[in-house]
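Peer 1: Mind having a look at this structure? Questions to follow.
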Amino acid sequence: MSKRILVTGGSGFLGSHLCERLLAKGHEVLCVDNYFTGRRTNVAHLLSNSGFELLRHDVTFPLYAEVDEIYNLACPASPVHYQFDPVQTTKTSVHGAINMLGLAKRVQAKIFQASTSEVYGDPAVHPQTEDYWGRVNPIGPRSCYDEGKRCAETLFFDYRRQHGLRIKVARIFNTYGPRMHPNDGRVVSNFIVQALKGVPITLYGDGRQTRSFCFVDDLVEGFLRLMDTPDEVTGPVNLGNPYEFSILELAEKVLELTGSRSEIVYRPLPENDPIQRQPDISKAKDLLDWKPTVQLEEGLSRTIAYFEVVLRGKPGG
Ligand code: NAD
Ligand code: UDP
Ligand code: UDP
């Protein structure tokens, strides 16, 4: 059955892929974004679809719309961007969640929250399972994002307990793919853009810190499956790729796949940069019958192909 679905942050990297998938399934999509880190070009190809509507709006302000489902993705995700205006980042997570939950309550919509592995902070448990409460600095440079997202989760569960809302909370681990902003600042886009431009690859710290990267198509499939679970399934559910590797290995893989001769330069490790991160996705496997299918090399190749076109279109990047 066709539904009317609100996607906040819909013009961003993940949001644009989600809007595309929902439209392909025959739903109507209301995409809401304030273009802080998102771009209209990410959804330009959807504008001719009669089921697609685009609205410039900041989720820290109330929004009145009639919808069946809400995917709440609005929030800058890259450390560079969420630390640019940290107060606004917390407001987006917290006031944005309150407004979207208030909307969901009024229209009895089912609501999905794009939470994050950052709720685990610099984890003392490895790999991270959903019952781990995390190790988060409440007053550091990453706190606006981490604590904002933690508070949003609290709000989601309180709206469920207090008002009976149907909620779905996904804890997303590092994800990459086409439509990341060339100046996004996160590691995959940074390394690919640097390699393609032939400028030095900036490795923070000694490069031995680890991450696990999921390709965007796999992640969006996980979103859709979680939204479609029975009402008693609330999450939080980890969504990500458990394949873990060091950031140095990532730099070397990007150099290999691009054929670039960029040198690797070492820069200081940012404060509170987690040393290791890997999702335990047993819950997603059980509840959603989901696991990532795109291997790192294939995902990187598809992302490199995207950035080759983007950089060719804009001389000098
Ligand atoms: P992104 O920066 O590309 O997208 C975020 C979108 O939200 C942008 O389009 C931005 O303009 C919009 N936005 C920001 N503040 C807003 C506001 N106040 N009102 C309306 N729109 C606003 O990042 P992304 O990677 O697509 O992330 C999407 C969501 O997924 C975020 O909530 C992020 O925290 C979460 N997430 C992403 C990852 C990842 O690796 N990509 C990992 C964990 C969590
Ligand atoms: N809200 C919104 N759209 C709606 C309904 C509510 O943006 O359709 C916002 C409104 O600004 C409100 C917030 O959501 O402050 C929380 O709503 P709720 O009904 O939970 O609380 P209250 O209205 O009592 O503050
Ligand atoms: N990183 C890096 N060079 C860059 C950007 C990031 O070495 O140009 C490192 C960063 O310090 C971190 C890892 O790559 O250890 C992942 O960083 P990202 O910002 O992508 O995500 P997060 O730290 O939020 O997982």
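Peer 1: Looking at (1) more than 26 Å from Ser2 (Cβ to Cβ); (2) of a type in the set (D, E, K, R); (3) away from ligand 1 (no atom under 13 Å from the Cβ), can you tell me which one Lys105 breaks?
Peer 2: Failing condition for Lys105: (1).
Peer 1: Any residue in region 86-107 that is in contact (Cβ under 8 Å) with a residue 60 or more places away in the chain and more than 15 Å from Gly9 (Cα to Cα) sitting within a Cβ distance under 8 Å of a residue that is within 9 Å of ligand 2 (Cβ to nearest atom) and in a helix (DSSP H, G or I)? List the pairs, counting only those 6 or more apart or interchain.
Peer 2: Leu101/Tyr159; Ala104/Tyr159; Lys105/Tyr159; Lys105/His163
Peer 1: Shifting gears a bit: Mind telling me which of the residues Leu300, Leu248 ends up being touching a strand residue (DSSP E or B) at 6+ places or on another chain (Cβ under 9 Å), surrounded by 15 or more Cβ atoms within 10 Å (Cβ to Cβ) and closer than 16 Å to Cys214 by Cα?
Peer 2: Answer to the check: Leu300.
Peer 1: Moving on to the next point. Tally up the residues in region 47-101 that are more than 14 Å from ligand 1 (Cβ to nearest atom) and either within 19 Å of the chain's Cα centre (by Cα) or surrounded by fewer than 22 Cβ atoms within 10 Å (Cβ to Cβ) (or both), please. First the steps, then the outcome.
Peer 2: Looking only at region 47-101, we keep the residues that are more than 14 Å from ligand 1 (Cβ to nearest atom), and these are 47-53, 64, 66-69, 101.
So of that shortlist, the ones also either within 19 Å of the chain's Cα centre (by Cα) or surrounded by fewer than 22 Cβ atoms within 10 Å (Cβ to Cβ) (or both) come out as 47-53, 64, 66-69.
Qualifying residue count, region 47-101: 12.
Peer 1: I'd like the full set of residues that are assigned to a strand (DSSP E or B), closer than 14 Å to Leu239 by Cβ and more than 16 Å from ligand 2 (Cβ to nearest atom), limited to region 103-127.
Peer 2: Phe112, Ala114, Ser115, Thr116
Peer 1: Name the one entry in Pro138, Pro182, Pro123 that is surrounded by fewer than 23 Cβ atoms within 10 Å (Cβ to Cβ) and at pLDDT 95 or above.
Peer 2: Just a single option satisfies the conditions, and that option is Pro138.
Peer 1: Which residues, taken from region 265-317, are part of a strand (DSSP E or B) and among the basic types (Lys, Arg)?
Peer 2: Across region 265-317, the qualifying residue is only Arg267.
The values are calculated or read from the model by the stated rules, or taken from the named source; none is laboratory data. Values in this document were obtained by computation on a predicted structure and should not be read as measured data. With ideal geometry, Cβ positions are generated from the backbone for all residues, glycine too; neighbour counts draw on all protein chains shown.
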